[in-house]
1. Taking the mean number of other Cβ atoms within 10 Å as a proxy for protection, how do you rank 139-150, 203-214 from highest to lowest?
2. Can you list the residues, at least 5 places off or on another chain, whose amide H is less than 5 Å from the amide H of Thr212, using H built in the peptide plane?
3. With unit charges on the beta carbon (Lys/Arg positive, Asp/Glu negative), name the residue among Ala182, Leu299, Trp124 whose Cα is farthest towards the positive pole of the charge dipole of the chain.
4. For the range 249-350, state which trypsin sites (Lys or Arg not before Pro) are in a DSSP loop and have at most 14 other beta carbons lying within 10 Å of their beta carbon.
5. Can you work out the FRET efficiency for the pair Thr122 and Val444, with r the C-beta to C-beta distance and R0 = 35 Å, to the nearest 0.05?
6. Using a simple spin-label model with points 7 Å from Cα along the Cα→Cβ vector, what separation in nm is obtained for Val191 and Phe232?
7. Taking θ as phi - 60°, what are the ³J(HN,Hα) couplings along the range 415-432 by the Karplus curve (6.51, -1.76, 1.60), each to the nearest whole Hz, with x for Gly and Pro?
8. Output wanted: per-residue J couplings in Hz (rounded whole) for the range 354-365, from phi through Karplus 6.51 cos²θ - 1.76 cosθ + 1.60, θ = phi - 60°, x for Gly and Pro.
Amino acid sequence: MLNYLKYLLLFTLLISINLPVNAQLTDKINKILNAKCLDDKKTSVSIVEMPDGKLVYAYNTLTPLLPASVMKVVTTAAALYYLGPEYRFKTKVLHNGKHNNDTIDGDLIIRGGGDPRFSTETLWHIATQIKHSGINKIAGNLIVDTHFFDDYDRAPAWKVERTQKAYDAKLGALSLNYNSIAIHALPEGKVGERLNVWLEPAPSYIKLINNTKTIKRGKNTVWASRRNSEKFPDQVNMLVKGRLPIHSKEKIIRLNIENPARYTVETFRYLLQKAGVTIDGVTKVASSPISGTELYSHLSEPLSLILKELNTFSNNFTAEQIIKTIAAERFGTPGSHAEGLKLVTDFLRIINVNDTGIAIVDGSGLSRKNLMTTKAITDLLAAMYSRFDFGPDFITSLRVLGTNGINSKRLSNSPAKGQIRAKTGTLNKVSTLAGYVAGNNGKVFSYALFLNNNRCGYWRADKIEDKIVTAIYELSGDSIEP
């Protein structure tokens, strides 16, 4: 009996050694996908060898599923195709009156160009440049020109009801700090006193209501909420409540803001005045183009760098701003989601992506109405891999997993660490991953993993995906034909 078991073990070992490479990979991935927390019908895996697109592994590759934030891979590719890696968002300052000595006898206009990374630091620089140019007074109004985008401040497929979370920020042709505001809280003074609380930035129409308390020890319970003022209709109250132990570090809470254009122009007014430029008139918002003489022009970082930030931090706001920008640049202003998403769909056909069953309703993947297939994603990845004009920019926009960079520690203990570029995606019961793996045999593979309707939880779903990409890295030998 013992000899029989030895022969059986040896026979099994010989079979496994002589299995074709792809058969070994197929067997390994099939076992990984046998996890009880997965829904077989809502799980999809596509693995393709670069650059010729030979199929390595396929499971439900034509099943339309939720891509979550892997949708940003599509947005990234389309943005590079339509706008180019060197595209820069433009924000301009103009005036429509005479420039008499140190005074503008007319209005000062700031025109938005969709820049998703426009910041307080940039706005302060513009304000000081205006002061340094010799302007001390604006006799007219301060106007924001938002005609670059239409007035719709969210992706049409998103829910009408919005949270106050920073990730759920409204869109705008002229936006500031991702259309969010930072509330800072720091213990100062004695136990029992209020915390030191301040806004960054601090436009005058937003008022802080500080109902906090410094405690000797205990949990941090500080929170904030944006509320409209009942007594003053033009005022927005920022209520801050809770307790913070006296030796705690500074706490920062970020909330989105209700009116992006007003937030930006009122902050600009505050910074101009701080720089020494007085404004006699009021602040206004114009959705139609306002003409004037250009006073200052700010260009953003190149699109390629913005896309790197987009995919590193999976920024929903940036993705949707880009969709509307594509439309504005290709079809003319105002840019809209309808036209931008049509261009994205057209792009997939142009690069010969199999678009069977797909539906694209936003640029970020936040909507559960999006549908994508893993075959469509690996088709796109293969097409981008072979593009010299913007393919390298696309690849470098994806995070390198397993390194020590920001948000890149995942797979740090895998033999494949540093050899995987990826875009993650997460929604309730949805986990996705897509990108490239450099195999230890010198070959490169594109992959797309969709785990829909899973009961794994975030951590376990990640581990399943990590095992699959590690198995791809360890693959050696030839591919199979599709």
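Every read-out reported here was derived from the displayed coordinates using simple, explicitly stated rules and does not represent laboratory data. Keep in mind the model is a prediction, meaning the values are calculated, not measured. Quick reminder, even Gly has a Cβ in these numbers, built from the backbone with ideal geometry, and neighbours come from all protein chains shown.
1. 139-150, 203-214
2. Here Leu195 satisfy the definition.
3. Ala182
4. Of the trypsin sites (Lys or Arg not before Pro), the ones in loops of the range 249-350 whose Cβ has at most 14 other Cβ atoms within 10 Å are Lys249.
5. Values: r = 38 Å, r/R0 = 1.08.
Using R0 = 35 Å, I get an efficiency of 0.40.
6. The modelled label-to-label distance comes out at 3.6 nm.
7. Once rounded to whole Hz, the list reads x, 8, 4, x, 10, 10, 10, 8, 10, 8, x, 9, 9, 4, 6, 10, 9, 9.
8. Karplus values, whole Hz, x for Gly and Pro: 6, 9, 4, x, 7, 9, 10, 10, 7, x, 9, x.
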